[in-house]
Amino acid sequence: MGSKALFFFALLSFSAVAIKPTFAENEEDPGLVMNFYKDACPQAEDIIREQVKLLYKRHKNTAFSWLRNIFHDCAVQSCDASLLLDSTRRDLSEKETDRSFGLRNFRYLDTIKEAVERECPGVVSCADILVLSARDGIVSLGGPYIPLKTGRRDGRRSRADVIEQYLPDHNESISVVLDRFAAMGIDTPGVVALLAHSVGRTHCIKLVHRLYPEVDPAFNSNHVEHMLKKCPDPIPDPKAVQYVRNDRGTPMKLDNNYYRNILDNKGLLIVDHQLANDKRTKPYVKKMAKSQDYFFKEFARAITILSENNPLTGTKGEIRKQCSVANKHH
């Protein structure tokens with residue numbers, strides 16, 4: 001049920017010429033590499049970084065969206081920007097599934113794509129833009145700079161039909177969550193780092209089952225009054241934007257305060273509570289609560305693995321002209 005993005009695309013000049021990375025059938029696919037566009041579009045990463053900075057300056061909450069995008073796209077079979085596709089007569093968009101509730105700001109990825117297209121038409125994939133905007137959004141939030149490889153190509157169809165098989169839900173057991181991430185090669189400390197709800201917000205609709213008809217006794221009693229004030233109704237008004245900040249102390253900063261919060265029973269979601277109490281994850285929660293450097297190290301490692309999950313490279317997929325529409329429909 002994610003909001004549909006609005007798209008503002010200028011007509012591209014057909015006189016522009018760009019050197020595109022191409023691969024003959026007998027040429028080896030280089031896969032993902034650092035600075036993939038150094039010859040075909042040397043300014044690509046700089047353009048993306050500057051656009052992220054500019055958009056973050058104007059709209060602070062964009063950084064949360066970019067961070068969620070990399071998880072919601074790359075965790076579902078392939079890091080191929082399938083998340084960005086609109087629905088068609090045949091395929092439901094991933095953006096419109098229940099698991100994508102709260103995802104928004106796709107129009108800002110279109111803004112970045114448009115800026116890159118002006119410099120190098122048809123060269124840089126939406127999948128790489130999605131990943132690099134997440135990387136630069138993490139920096140905007142005070143997190144670490146994570147060198148990430150590029151060379152992804154875009155998928156041609158939504159993966160909404162399999163999303164439930166790949167994306168763990170916040171109400172699922174920690175065992176299911178660990179298994180889902182393990183399938184991508186992400187180990188337990190990586191999961192603990194990736195699930196840090198350190199920034200952004202939790203919508204009341206995802207929280208009220210822990211407040212009504214009775215408050216979950218696992219909550220820190222000093223935190224309950226604030227949550228009840230923010231979520232006053234057992235059935236939230238779907239038209240109202242009712243939410244609780246994930247971290248009241250540093251809500252706009254990616255840091256290790258989240259781990260101190262959940263050890264103090266202030267985690268909003270079931271998965272937060274489980275992370276702080278399950279014997280498999282609690283040691284890493286404690287370690288990250290004590291050391292932000294350790295949190296950043298594991299977070300960067302996990303993001304790197306996530307970003308390299310089964311990408312389309314070489315001659316697979318395509319370079320979309322417009323991130324919301326496969327080229328055959330453009």
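The values are calculated or read from the model by the stated rules, or taken from the named source; none is laboratory data. Computed from a predicted structure; not experimentally measured. Neighbour counts are summed over all protein chains in view; Cβ atoms, including those assigned to glycine, are modelled from backbone coordinates with ideal geometry. Surface areas here come from the heavy atoms of the whole protein model, side chains and all, with no ligands, DNA or RNA. Shrake-Rupley method; radii C 1.70, N 1.55, O 1.52, S 1.80 Å.
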Subset tally (residues that are more than 15 Å from His223 (Cα to Cα) and touching a residue at least 60 places away in the same chain (Cβ under 8 Å)) for segment 271-286: 8
Lys328 open to solvent by 40 Å² or more (accessible area, probe 1.4 Å) and in contact with an Asp or Glu (Cβ under 9 Å, 6 or more places away or on another chain): yes
Hits in segment 259-273 (condition: buried (at least 19 other Cβ atoms within 10 Å of the Cβ) and of a type in the set (A, V, I, L, M, F, W, C)): Ile262, Leu268, Leu269, Ile270, Val271
Pick from segment 41-64, criterion over 21 Å from Glu119 (Cβ atoms) and of a type in the set (A, V, I, L, M, F, W, C), ranking: least open to solvent (accessible area, probe 1.4 Å): Ala63
Lone qualifier among Leu32, Leu67 - being open to solvent by 10 Å² or more (accessible area, probe 1.4 Å) and at pLDDT 95 or above: Leu32
Subset of segment 90-121 [of a type in the set (A, V, I, L, M) and touching a Cys at 6+ places or on another chain (Cβ under 8 Å)]: Leu109, Val116
Hits in segment 182-193 - residues which are crowded, with 21+ Cβ neighbours inside 10 Å and either farther than 17 Å from Cys74 by Cβ or of a type outside the set (Val, Ile, Thr) (or both): Pro189, Gly190, Val192, Ala193
Matching entry among Asp80, Asp91 (being acidic (Asp, Glu) and touching a Ser or Thr at 6+ places or on another chain (Cβ under 8 Å)): Asp91
Filter pass, Leu167 being out of contact with any Ser or Thr (no Cβ under 8 Å at 6 or more places or on another chain) and within 24 Å of Gly249 (Cβ to Cβ): no
Contacts under 7 angstrom Cβ, first residue in segment 162-185 being modelled with pLDDT under 90, partner part of a loop (DSSP other than H, G, I, E, B) and not polar (S, T, N, Q), 6 or more apart: Leu167/Ala75; Leu167/Val76; His170/Leu269
Residue within segment 214-232 that is among the basic types (Lys, Arg) and in contact with a Gly (Cβ under 9 Å, 6 or more places away or on another chain) present: no
Among residues of segment 133-146, those that are open to solvent by less than 10 Å² (accessible area, probe 1.4 Å) and either under 14 Å from Gly200 (Cα atoms) or under 11 Å from the mean Cα position of the chain (by Cα) (or both), counted: 6
Hey, Ala276 open to solvent by less than 60 Å² (accessible area, probe 1.4 Å), over 28 Å from Thr62 (Cβ atoms), modelled with pLDDT of 95 or more and part of a helix (DSSP H, G or I) or not: yes
Extreme residue, farthest from Ala218 (Cα to Cα), among residues of segment 236-254 that are charged (D, E, K, R) and open to solvent by 10 Å² or more (accessible area, probe 1.4 Å): Lys239
Total residues in segment 293-320, condition in contact with a Pro (Cβ under 8 Å, 6 or more places away or on another chain), part of a loop (DSSP other than H, G, I, E, B) and open to solvent by less than 10 Å² (accessible area, probe 1.4 Å): 1
